[in-house]
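Visitor: Mind looking over this structure? Questions follow.
The values are calculated or read from the model by the stated rules, or taken from the named source; none is laboratory data. Computed from a predicted structure; not experimentally measured. Don't worry about glycine lacking a Cβ; one is built from the backbone with ideal geometry, like all the others, and counts go over all protein chains shown.
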Amino acid sequence: MACGRADPHASTAEPSGADVAGNFPRAAGRELRHRGDRAYVDMGPTDGLITIMERPGPVSKDPPRPAVMRLQPKPGPFECVPANLDHQMVAFRDYGRIIYAFVALGARRPVHAAESILNSLRVASGVR
């Protein structure tokens, strides 16, 4: 993640790519791609932000992608997520790729919308 805090679940390598999805307007000049932390200040109680990254490394360390993803976000700060937002990190392998999804949700916790996005995610076979 971009805040300079170590991710205990990730390898020391940088992610090979990141995509960010949010359901709220961002302020002018706030870049979402690769820096979702800048967008957290724009989030309201019904908003959500999902950052999806691929990490290099041994695929066998991470669990396979579940048939249906269910979120159980927790309050408090995590990585770049401020304390006023609930959060969850989901790590899984799919088609030979290691995927990390960082989910941040406002106070009204739009969990079902975030689950819908994660469950609709399609991962293509990776060449390693």
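Visitor: PRO75 is checked against (1) farther than 24 Å from ALA124 by Cβ; (2) modelled with pLDDT of 90 or more and fails just one. What number does that condition carry?
Guide: The single condition PRO75 does not satisfy is (2).
Visitor: Across region 75-92, what is the number of residues that are more than 14 Å from the chain's Cα centre (by Cα) and either crowded, with 20+ Cβ neighbours inside 10 Å or among the charged types (D, E, K, R) (or both)?
Guide: Count: 0.
Visitor: Failed condition for ILE99, given (1) closer than 14 Å to ILE52 by Cα; (2) surrounded by fewer than 13 Cβ atoms within 10 Å (Cβ to Cβ), with all others met?
Guide: ILE99 satisfies every listed condition except (2).
Visitor: One residue is enough: does region 113-128 have a residue meeting the conditions in contact with a His (Cβ under 9 Å, 6 or more places away or on another chain) and in contact (Cβ under 8 Å) with a residue 24 or more places away in the chain?
Guide: There is no residue in region 113-128 that is in contact with a His (Cβ under 9 Å, 6 or more places away or on another chain) and in contact (Cβ under 8 Å) with a residue 24 or more places away in the chain.
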